[in-house]
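For reference, the structure is listed below as structure tokens.
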Amino acid sequence: MTAAELRPVPSFQSAMFHAPGRPRPLARRLAIHNRVIRSVRDFFLAEQYHEVPVTALADHPARVQLEGMVAHGFAAVWCESEILPRGGKLEPRELRGFKLIEVSRQGLDLDGVCDLAERLLKTVAGELSADLLGGLHITRLDRMINLPHMRLAYTEALEILAAKGWEISLGEALPEPAKATLTRHCGNLPFLLTGLPVKLKQPGVALLPGQPELSRSMHYILPYSGLTFDGSVRDAVHEPAGFSLDLGRLLQYLMGLESITDTLIDPMDRVVGVMHEVPRGTGLEHNQGAG
């Protein structure tokens, strides 16, 4: 999952359907965030994954480090990572960074990647309570937990969209409104899109047998938030497979929010204002050499 793929697309949210939730107070957002992180950590502990500390922040060192750990004999690893914008956290544009949960495991096939992502989503949602989210959202998530999530091959998705009036050629990326159409087709539940075109994926992804233009990969599309999981099987000797999970978009879906920015916890806009106003010489000034 790249920084470009993680950019919020407001028109997609309204095209999919209006989210019922409103932004929570800061304390409530923090409590939900912490509950989700704890649930993710408990899930991977139960699945016998090793948590790996990732120190570098760039696009995309965590995947490289995780695959390196797999190559060194660790069968299953995961980490929290972050992609920062070019100006770092002091750049007040949309989101100040993209927090990811990243997973890699040796010997996992594409169905296994999809199974793992679906189990994680349902497990995390099941750990939330009405006192955090409200009864409306618990009812919505309970339906999601207890119903199967459709898995559509990319070619199958093209056929569904063609029947609904879309004209998309093989190999093209699906526009956001088309993903909204598929979401409604899947009963407004999360769904998995598999076998994506190779040219839409990062180099090194494995190919589908007999279909060199398609890859062993998946996108997990969630209502409100769109692309939330990006998974693939890598074309390597030990064939590591896994996914990146955008934490912000997961929180957006769980809380039923129209905008991903409503999930933010750190009030960085205020911090940026303070940092620009501090006296010179304190060691806290930003862009000291500017104009």
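Multiplying the sequence separation of Asp115 and Asn146 by 0.36 nm and subtracting their Cα-Cα distance, what value in nm do you get? Don't skip to the end; give the middle numbers.
On the way: separation 31, 0.36 × 31 = 11.16 nm, distance 1.46 nm.
Between Asp115 and Asn146, full extension yields 9.7 nm more.
Could you give the length gained on full extension between Ala163 and Gln202, defined as 0.36 nm per residue of separation minus the Cα-Cα distance, in nm? Numbers along the way, then the final one.
Working: separation 39, 0.36 × 39 = 14.04 nm, distance 3.00 nm.
Between Ala163 and Gln202, full extension yields 11.0 nm more.
Go through region 105-118 residue by residue and turn each phi into a ³J(HN,Hα) via Karplus (6.51, -1.76, 1.60, θ = phi - 60°); whole Hz please, and just put x for glycine and proline.
9, 7, x, 9, 8, 5, 4, x, 4, 5, 4, 4, 5, 5
Arranged by the count of other C-beta atoms within 10 angstrom, fewest first, what order do Ser104, Ser39 take?
Numbers: Ser104 29, Ser39 17.
Fewest to most other Cβ atoms nearby, the residues stand as Ser39, Ser104.
If you rank Arg105, Arg184, Arg35 by fewest surrounding Cβ atoms within 10 Å, what's the result? Walk me through the numbers before you get to the answer.
On the way: Arg105 22, Arg184 12, Arg35 17.
Taking fewest neighbouring Cβ atoms as first place, the list is Arg184, Arg35, Arg105.
Return the ratio Rg/(2.2 N^0.38 Å) for region 113-170, where Rg is computed over Cα atoms only.
Working: Rg = 16.0 Å, N = 58, 2.2 N^0.38 = 10.3 Å.
Relative to the rule-of-thumb radius for its length, region 113-170 sits at 1.56.
As a footprinting exposure proxy, order Met69, Met150, Met218 by other Cβ within 10 Å, with the fewest listed first.
Details: Met69 19, Met150 15, Met218 26.
So the residues, fewest neighbours to most, are Met150, Met69, Met218.
At Ala46 and Thr155, where each label point lies 7 Å from the Cα along Cα→Cβ, what is the point-to-point distance in nanometres?
In this crude label model, Ala46 to Thr155 measures out at 3.7 nm.
Where a number appears in this text, it was derived from the coordinates with a stated rule and is not lab data. Owing to the predicted nature of the structure, the values given are computational and were not obtained by experimental measurement. Note that each Cβ is placed from the backbone with ideal geometry, even for glycine, and that neighbours are counted across all protein chains shown.
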